[in-house]
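**Student:** Dropping the structure in here first, questions after.
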Amino acid sequence: MTKHIKEINWEQNTNSYIQLIPNIEYTKVEDTSLTLHLLVYRNPMDALFNREGNQETYPLIIYLQGCGWGWTKQDTAAFIPQLVPFVEQGYVVASVQYRGSGEAVFPAQLHDVKTAVRFLKANAARYNIDPDRVGVWGDSSGGHLALLLGLTEGIEEFEGPDEYRHVSSKVDAVADWFGPVDLLSMSKYPSIFDHDSPNSPESKLIGGAVQENREQAEQASPISYVHREAPPILIMHGDQDDVVPYEQSVQLFEALIKEGHDALMYKINGAGHNGFTQAHTLDIVKSFFRKHLKPGKA
């Protein structure tokens with residue numbers, strides 16, 4: 001009967017087991033524990049049987065899930081199914097929590113994500129990360145924070161607490177999905193929100209009505225920090241977005257180009273305020289990170 005048993009070969013040197021390591025605490029602010037979920041090529045059986053396991057390192061992609069900076073509850077697990085294919089292409093991927101505006105106003109959220117970058121770099125050897133190749137990607141409020149991560153390198157007031165300050169919070173590529181970029185101009189365009197209302201997500205972020213707190217609004221606006229030497233930036237925005245106006249991304253793109261930055265922008269025809277999870281749109285993000293985090297790779 002054994003002659004009827006089919007055979008296939010196991011590829012001994014191929015890493016294929018993607019492990020989800022959930023709820024890693026990267027910092028604690030007062031009584032608030034901030035966590036991240038990590039996806040990495042690692043077989044948990046190795047630890048169980050005291051085997052060495054995968055020693056390869058991979059570029060890191062940090063994903064920042066949008067939530068209106070706490071207007072809704074941030075769900076750092078929601079996008080994980082879409083992130084798995086990026087691990088399959090040879091990345092470590094982290095989905096990172098940040099404080100909502102009900103817990104702390106800006107720049108607390110930027111402090112959080114910069115601390116997360118530094119934590120992951122400081123623990124690079126532990127998590128198979130190449131700390132010299134780090135990309136950040138976010139949607140909506142997460143896109144806003146991803147842009148600020150890329151644009152505010154070296155601005156001391158945004159670095160936050162002293163944890164892991166021996167490493168840099170620098171990132172090497174930024175993918176922005178429909179992030180707000182100029183809080184003061186959002187109300188100029190059609191939206192289901194009155195962005196100038198004291199109850200808007202933007203006003204809650206800065207601790208007061210946007211137009212009555214212009215200095216704070218400018219401080220929290222990525223467009224205030226546009227400069228030529230910023231890392232590569234990919235912008236994607238649906239032209240039917242009724243939450244964050246499409247014109248916000250156009251405004252940022254034009255400002256970057258004016259400064260001589262080689263930005264890349266895609267208008268997604270017919271798309272609203274929603275993750276661009278169709279294959280051809282995710283392929284754009286894959287291509288962008290491959291170009292800037294894996295130069296020379298086909």
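The values are calculated or read from the model by the stated rules, or taken from the named source; none is laboratory data. All of these numbers come straight from a predicted model, not from anything done at the bench. Positions of Cβ are backbone-derived with ideal geometry, glycine not excepted, and every protein chain shown enters the neighbour counts.
**Student:** Against the conditions (1) surrounded by fewer than 21 Cβ atoms within 10 Å (Cβ to Cβ); (2) under 21 Å from residue 206 (Cα atoms); (3) out of contact with any strand residue (DSSP E or B) (no Cβ under 7 Å at 6 or more places or on another chain), where does residue 89 fall short? Just the number, please.
**Tutor:** Tallying (1) surrounded by fewer than 21 Cβ atoms within 10 Å (Cβ to Cβ); (2) under 21 Å from residue 206 (Cα atoms); (3) out of contact with any strand residue (DSSP E or B) (no Cβ under 7 Å at 6 or more places or on another chain), residue 89 fails exactly one: (2).
**Student:** I'd like the full set of residues that are of a type in the set (A, V, I, L, M, F, W, C) and in a helix (DSSP H, G or I), limited to segment 173-204.
**Tutor:** Selection gives 186 alone.
**Student:** Output yes when any residue across segment 1-20 is surrounded by 16 or more Cβ atoms within 10 Å (Cβ to Cβ), touching a Ser or Thr at 6+ places or on another chain (Cβ under 8 Å) and either modelled with pLDDT of 95 or more or farther than 30 Å from residue 218 by Cβ (or both), and no when none is.
**Tutor:** No: zero hits.
**Student:** I've got another one for you. Give the residue that is nearest to residue 21 (Cα to Cα), with candidates limited to residues of segment 101-145 that are among the aliphatic types (A, V, I, L, M) and touching a helix residue (DSSP H, G or I) at 6+ places or on another chain (Cβ under 8 Å).
**Tutor:** Among those residues, the one meeting the criterion is 129.
**Student:** Let me ask something else. Residue check, residue 200 against (1) touching a residue at least 12 places away in the same chain (Cβ under 8 Å); (2) crowded, with 18+ Cβ neighbours inside 10 Å, all met but one. Which one?
**Tutor:** Going through the list (1) touching a residue at least 12 places away in the same chain (Cβ under 8 Å); (2) crowded, with 18+ Cβ neighbours inside 10 Å, residue 200 breaks only (1).
**Student:** Now a separate question. Could you tell me which of the residues 30, 25 is modelled with pLDDT of 95 or more, loosely packed, with under 14 Cβ neighbours inside 10 Å and closer than 22 Å to residue 112 by Cβ?
**Tutor:** On the way: 30 fails: modelled with pLDDT of 95 or more.
Matching residue, one of 30, 25: 25.
**Student:** Something else about it: Looking at segment 198-245, which of its residues are basic (Lys, Arg) and closer than 30 Å to residue 134 by Cβ? Steps first, answer last, please.
**Tutor:** Taking segment 198-245 as the starting set, the residues that turn out to be basic (Lys, Arg) are 204, 214, 228.
Within segment 198-245, 204, 228 qualify.
**Student:** What's the number of the condition residue 230 fails, among (1) in contact with a Leu (Cβ under 7 Å, 6 or more places away or on another chain); (2) under 17 Å from residue 142 (Cα atoms)?
**Tutor:** (2)
**Student:** Looking for something surrounded by 17 or more Cβ atoms within 10 Å (Cβ to Cβ) and in contact with an Asp or Glu (Cβ under 6 Å, 6 or more places away or on another chain) - is there at least one such residue anywhere in segment 154-169?
**Tutor:** No.
**Student:** Within segment 93-117, which residues are in contact with a strand residue (DSSP E or B) (Cβ under 6 Å, 6 or more places away or on another chain) and farther than 17 Å from residue 164 by Cβ?
**Tutor:** 93, 95
**Student:** Can you tell me which of 73, 121 is touching a residue at least 40 places away in the same chain (Cβ under 8 Å), charged (D, E, K, R) and either crowded, with 21+ Cβ neighbours inside 10 Å or out of contact with any Lys or Arg (no Cβ under 6 Å at 6 or more places or on another chain) (or both)?
**Tutor:** 121
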